[in-house]
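Shown next, in structure tokens, is the structure this report addresses.
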Amino acid sequence: MDEESLLLSLELASGSGQGLSPDRRASLLTSLMLVKRDYRFDRVLFWGRILGLVADYYIAQGLSEDQLAPRKTLYRWRRRPGWLRPQDDTEEPGASEGQEGVGASLNCMEWSLLPPATEEMEMQTSVVKGRFMGDPSHAYEHTELQKVNEGEKVFEEEVVVQIKEETRLVSIIDQIDKAVAVIPRGALFKTPFGPIRVNRTFEGLSLSEAKKLSSYFHFREPVELKNKTLLEKADLDPSLDFMDSLEHDIPKGSWSIQMERGNTLVVLRSLLWPGLTFYHAPRTKNYGYIYVGTGEKNIDLPFML
């Protein structure tokens with residue numbers, strides 16, 4: 001959801017129970033405005049919140065003028081009252097109610113920049129299961145077998161590999177972005193020179209279009225579109241239909257689409273990544289998505305449909 005319409009967007013998404021307290025909204029809005037100014041982003045999106053066992057991660061993303069260019073992802077984490085360090089079971093100084101931090105920051109305003117996601121990160125963190133702890137410095141331990149050569153002899157040795165939670169956070173955000181970040185058709189347009197811009201003339205989808213999955217695209221570089229034949233692309237508008245449509249997602253049925261508030265709001269919910277909610281008020285410019293969940297993929301979905 002866009003920083004400029006954050007308060008309205010949170011209100012529209014509140015039907016899924018994904019809300020924030022008034023003081024949290026105020027501090028979040030102020031801090032995102034500062035992030036946009038300091039990092040010189042064209043747009044700042046409040047991505048959502050990943051729930052941990054002892055703390056939650058608040059995620060924001062900065063976009064450049066080219067809307068599909070790699071995004072900068074930032075986070076801050078909110079410690080819960082009475083948080084105890086696992087190492088010594090002593091209460092963290094300053095971890096009283098209402099305080100939060102990023103690294104050493106406790107002023108509710110600062111964000112930390114995450115590194116870009118890589119394939120190596122995804123492979124490394126794929127062995128980690130379960131909930132996030134909520135501490136970026138927390139290290140998961142994974143035992144794997146590695147081949148060791150000693151002269152002519154080759155044998156396997158157990159090696160304990162440590163994986164930082166911050167690395168897992170980067171990987172999960174990237175996976176969710178690629179799988180379920182959503183934008184309505186027409187909200188962006190492709191210029192003749194290639195860059196993707198915000199469509200200032202977009203006035204929202206009609207009520208009939210808003211009820212169709214084909215009216216929504218994945219907010220990322222296209223993958224399936226490149227595999228379509230020229231015949232399949234014949235009816236597409238190159239300036240608008242340059243991303244992958246949700247109607248072809250696998251498994252089929254991984255999206256729930258509902259009309260709320262007397263047909264004045266359409267809500268899409270991902271069943272593959274529970275916690276992702278997209279909202280759009282037909283015939284208006286109000287749209288966006290937010291993720292509030294544990295960061296766990298529903299791998300059993302194909303057997304549930």
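The values are calculated or read from the model by the stated rules, or taken from the named source; none is laboratory data. If you're wondering where the values come from, they're calculated on a predicted model, not measured in any experiment. Backbone-built Cβ (ideal geometry, glycine too); neighbour counts: all protein chains shown. Surface areas here come from the heavy atoms of the whole protein model, side chains and all, with no ligands, DNA or RNA. Shrake-Rupley method; radii C 1.70, N 1.55, O 1.52, S 1.80 Å.
A few points about this structure:
- Segments classed as strands (runs of 3 or more DSSP E), wholly inside segment 157-238, with at least 2 members that are farther than 23 Å from Leu272 by Cβ: 188-190, 196-198
- Scanning segment 272-305 for residues that are aliphatic (A, V, I, L, M) and in a loop (DSSP other than H, G, I, E, B), we see that the one that is modelled with the lowest pLDDT is Leu305.
- Extreme residue, nearest to Ile59 (Cα to Cα), among residues of segment 260-305 that are open to solvent by less than 10 Å² (accessible area, probe 1.4 Å) and among the aromatic types (Phe, Trp, Tyr): Tyr291
A quick yes/no check of all residues on (1) over 16 Å from the mean Cα position of the chain (by Cα); (2) modelled with pLDDT of 80 or more; (3) crowded, with 20+ Cβ neighbours inside 10 Å:
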{"residue": "Leu8", "(1), (2), (3)": "yes, yes, no"}
{"residue": "Gly15", "(1), (2), (3)": "yes, no, no"}
{"residue": "Leu20", "(1), (2), (3)": "yes, no, no"}
{"residue": "Asp23", "(1), (2), (3)": "yes, yes, no"}
{"residue": "Thr30", "(1), (2), (3)": "yes, yes, no"}
{"residue": "Arg37", "(1), (2), (3)": "yes, yes, no"}
{"residue": "Trp47", "(1), (2), (3)": "no, yes, yes"}
{"residue": "Leu53", "(1), (2), (3)": "yes, yes, no"}
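- Flag if Tyr140 is part of a strand (DSSP E or B), within 19 Å of Asp174 (Cβ to Cβ), at pLDDT 50 or above and more than 18 Å from the chain's Cα centre (by Cα): yes
- Residues (on the phi > 0 side of the Ramachandran plot and either open to solvent by 70 Å² or more (accessible area, probe 1.4 Å) or in contact with a helix residue (DSSP H, G or I) (Cβ under 9 Å, 6 or more places away or on another chain) (or both)) located in segment 121-156: Gly134, Gly151
- Lone qualifier among Ser254, Ser245 - being within 23 Å of Pro195 (Cα to Cα), surrounded by 16 or more Cβ atoms within 10 Å (Cβ to Cβ) and modelled with pLDDT of 85 or more: Ser245
- Residues located in segment 17-66, provided they are of a type in the set (A, V, I, L, M, F, W, C), under 30 Å from Pro195 (Cβ atoms) and not in a strand (DSSP E or B): Leu28, Leu29, Leu32, Met33, Leu34, Val35, Phe41
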